[in-house]
Amino acid sequence: MRRLWKMIAHINGQVVNYCALAASLGVSSVTVKSYIDLLESTYMVETVSPYFSNLGKRLVKSLKVYMADSGITATLLELRSFEQM
């Protein structure tokens with residue numbers, strides 16, 4: 001779980017790719033999705049769905065993931081000073 005937290009901290013605000021995270025962790029993508037859903041239900045992580053009005057598009061948009069607490073994000077990224085940000 002700590003490795004997943006660090007990976008989420010590194011992709012904070014970016015499109016989440018469950019398969020890439022799963023390959024790095026050595027687990028299935030279903031497991032990563034369930035862990036992220038668990039973190040979302042405890043309000044530690046927020047996922048934002050893409051907004052588009054034309055539902056007939058063939059382009060598939062992915063979710064973006066955000067860590068809810070910037071202090072935890074800074075700790076996981078090992079940021080010790082304001083200049084490192």
Report task. Before rounding to the nearest 500, sum -39500 (n - 2.57) across all DSSP H runs of length at least 4 in the chain and divide by the residue total; then give [θ] at 222 nm in deg cm²/dmol. Result -> -12500 deg cm²/dmol
Query - Average projection area in nm² (convex hull over Cα atoms of the chain, one quarter of hull surface) - result: 6.8
**Report entry** Spin-label pair ASP37/SER81, simplified geometry with 7 Å Cα→Cβ offset, distance in nm
**Finding:** 4.4
Query raised in the report: When the chain is treated as a GNM, springs tying every alpha-carbon pair under 10 Å, which of VAL27, VAL65, VAL15 comes out with the largest mean-square fluctuation?
Result: VAL27
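Read-outs throughout are calculated quantities, based only on the coordinates presented, and are distinct from any laboratory measurement. It should be emphasised that the depicted structure is a prediction, and the values quoted were computed from it without experimental measurement. Quick reminder, even Gly has a Cβ in these numbers, built from the backbone with ideal geometry, and neighbours come from all protein chains shown.
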